[in-house]
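S.K.: Once you've had a glance at the structure underneath, I'll fire off some questions.
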């Protein structure tokens, strides 16, 4: 099986074409613009890797991978509207550049386009893959809604946050792998194991992401360290701290959350350290990573074929930037 | 074949159930609310009639009809956001009642739900019907974009307006009929004739709608007569008047459009009458209706089976309210 880097380059070449008609330009050029902002293309490559795990990559796996990437971009365009985000990958978001109505409609038509690519896969697999695609799409919307709901809520439990992350992030990684596997003729047990691998990997990735926002090396981490803390964002770290900190630390933490003191980030980090939230987060991440790797291990194909997926998992989750 | 009224009642019964899960309630109750506002359910019934034209209504035609109605409702929720419309069928729109972010996401998940119903039809027909559904969905988005673009433009030609109406309104009527026919095992030529019937009927309907907004009987017409004129909305009537009025009338018309004079509606109507725009519109409507009926005539099934579709066409287009 080919490495993530190689498949990522191949997919980038495949994906680099006009996906939309010429007219109306006011609708489709915003889509071109957004796709042109790039991205790591993790999900379509997972789709290709899920496919290649069982056989050579089929022609129509590239169509499926394209559908997955377009779907992901649809969610980004609409999420950016909802979050009123001015920037994405350092560039203007679609609604910022072209106005909200166009961004709304550009997102809609991006989703429809994803279904157009989906309809190019072999008819034999269409009902099953369309079913999984639909379920995943619905779950991603649910995850986004929970995320917005949680922002307005005082208390969110760890279980609730986990479930939200699963819906908003994990299921699409998991489904990308599984859809590729289905198209590769994989048996049901292997499909499910691959899905479970992706699901756990997604959670580990999010724990890592929350951890790095607080404890990452500012030199390596792309974003401002402590951004989540400044925004009072509910993360694995904050939720766990609120659930486990001692009375006096809890009182101080709530105090800090209520205001925007100078030194807020450093003071919250201090409480995180004293409550050993940092250590807990690394353990939680490793727990999910280990479970993910065990699912991968259990898949009934020769170990050699699984190597690139294992490498990717370790790369995604053990990065310190 | 059953009448529109009967099928409409049957579909209403079939459609009246929970289409969405319990949670997150903050996402799905807005969807329930919107579907509860009702509507004439013209599109799903066209789907059922297209199906019944060729055989008894198949079980899965109801699923297809449900997909079509959910798709239509998705477009309404998002259109209402774009138009900043406060009311729909006399009730609060989704964004007005639940906020814009929820309305955006509720629309998204409504579209996904439509695809979930679509995936319940027979596998044999899925690729063709999914293809037509996707194409139509994309065209409807394009129509909405043209509509928004035209609002900002000074001049719009009749051809451009026609094409916009075709995309925004006609293709979904046409595709509803055709998808039903495909599922009914209709041959390609009959499918295409039925599509052409729906397309022309949609245009005739819009001409009628524009006409009634200007010349309808205020007692019978549900909306404020002259609303389009007050809003300077580009309609069949206004576009034709601008293209054909004599120099002095044209100057006066442009003058009226530039302001909001008392008596604007009556003065514009006067110009419409003097330029015989009213007569022209009725002729245009009849031209499209006749063409539609000719396509229906050409469909190779016994005339008796076509009666309900013919009645529906005459009812939709010759109403004076």
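S.K.: Placing a label point 7 Å from Cα toward Cβ, how far apart in nm is residue A:158 from its equivalents in the other copies, listed shortest first to one decimal?
M.R.: Distances between equivalent label points, in nm: 7.2.
S.K.: On to the next question. Hey, what number do you get for chain B at 222 nm if only DSSP H runs of n ≥ 4 count, each worth -39500 (n - 2.57), divided across all residues, to the nearest 500?
M.R.: -23500 deg cm²/dmol, from helical runs alone.
S.K.: Going by C-beta contacts inside 10 Å, put B:91, B:164 in order with the fewest on the left.
M.R.: B:91, B:164
S.K.: Could I ask something else about it? Compare B:116, B:154, B:307 in a GNM of chain B, Cα atoms joined below 10 Å, and give the one with the largest fluctuation.
M.R.: B:154
S.K.: How big is D for region A:201-321, in µm² s⁻¹ as a whole number, if Stokes-Einstein is applied with the Kirkwood radius of its Cα pairs at 25 °C and 0.890 mPa s?
M.R.: 157 µm²/s
S.K.: Using alpha carbons only, what's the Rg to Rh ratio of chain B with Rh from Kirkwood?
M.R.: With Rh from the inverse mean 1/r over Cα pairs, Rg/Rh is 0.98.
S.K.: When A:104, B:193, A:87 are ordered from fewest to most other Cβ atoms inside 10 Å of their Cβ, what list results?
M.R.: By the 10 Å Cβ count, ascending: A:87, B:193, A:104.
S.K.: Let me ask another. Under the definition of partner shielding as Cβ atoms of other protein chains within 10 Å of a residue Cβ, what is the mean value for peptide B:137-144?
M.R.: 6
S.K.: I need the calculated FRET efficiency for the pair residue B:283 and residue A:152, taking r as the beta carbon distance and R₀ as 60 Å, to the nearest 0.05.
M.R.: 0.60
S.K.: Shifting gears a bit: Go ahead and set up a Gaussian network model of chain A, Cα springs under 10 Å, then flag whichever of A:257, A:173, A:183 fluctuates most.
M.R.: A:257
S.K.: Just to be sure I understand: with springs between alpha-carbon atoms less than 10 Å apart, which residue in A:214, A:258, A:155 has the highest mean-square fluctuation in the Gaussian network model of chain A?
M.R.: A:258
S.K.: OK, next. For chain A, take the longest principal axis of its alpha carbons; what is the angle in degrees between that and the long axis of helix A:126-152, to the nearest 10 within 0 to 90?
M.R.: Orientation of helix A:126-152: about 20 degrees from the principal axis.
S.K.: List, shortest first and in nm to one decimal, how far the label point of residue B:311 (7 Å from Cα along Cα→Cβ) is from its counterparts in the other copies.
M.R.: Ordered by distance, the counterparts are at 7.0 nm.
S.K.: I'd like the distance separating the alpha-carbon centroids of region A:255-321 and region A:66-118, in whole Å.
M.R.: So the separation of the two Cα centres works out to 28 Å.
S.K.: Mind listing the label-point distances from residue B:231 to the same position on all other copies, shortest first, one decimal in nm, points 7 Å along Cα→Cβ?
M.R.: The answer, with the shortest distance listed first, is 3.7 nm.
S.K.: A further question on this structure: Could you state the per residue volume, in Å³, of the convex hull enclosing the Cα atoms of the protein assembly as shown?
M.R.: In the protein assembly as shown, the Cα hull volume divided by residue count equals 171 Å³.
Taken together, the values in this text are just the output of simple stated rules run on the coordinates, not laboratory data. All values derive from a computational prediction rather than experimental measurement. All Cβ positions, even for glycine, are placed from backbone atoms using ideal geometry, and neighbour counts span all protein chains on display.
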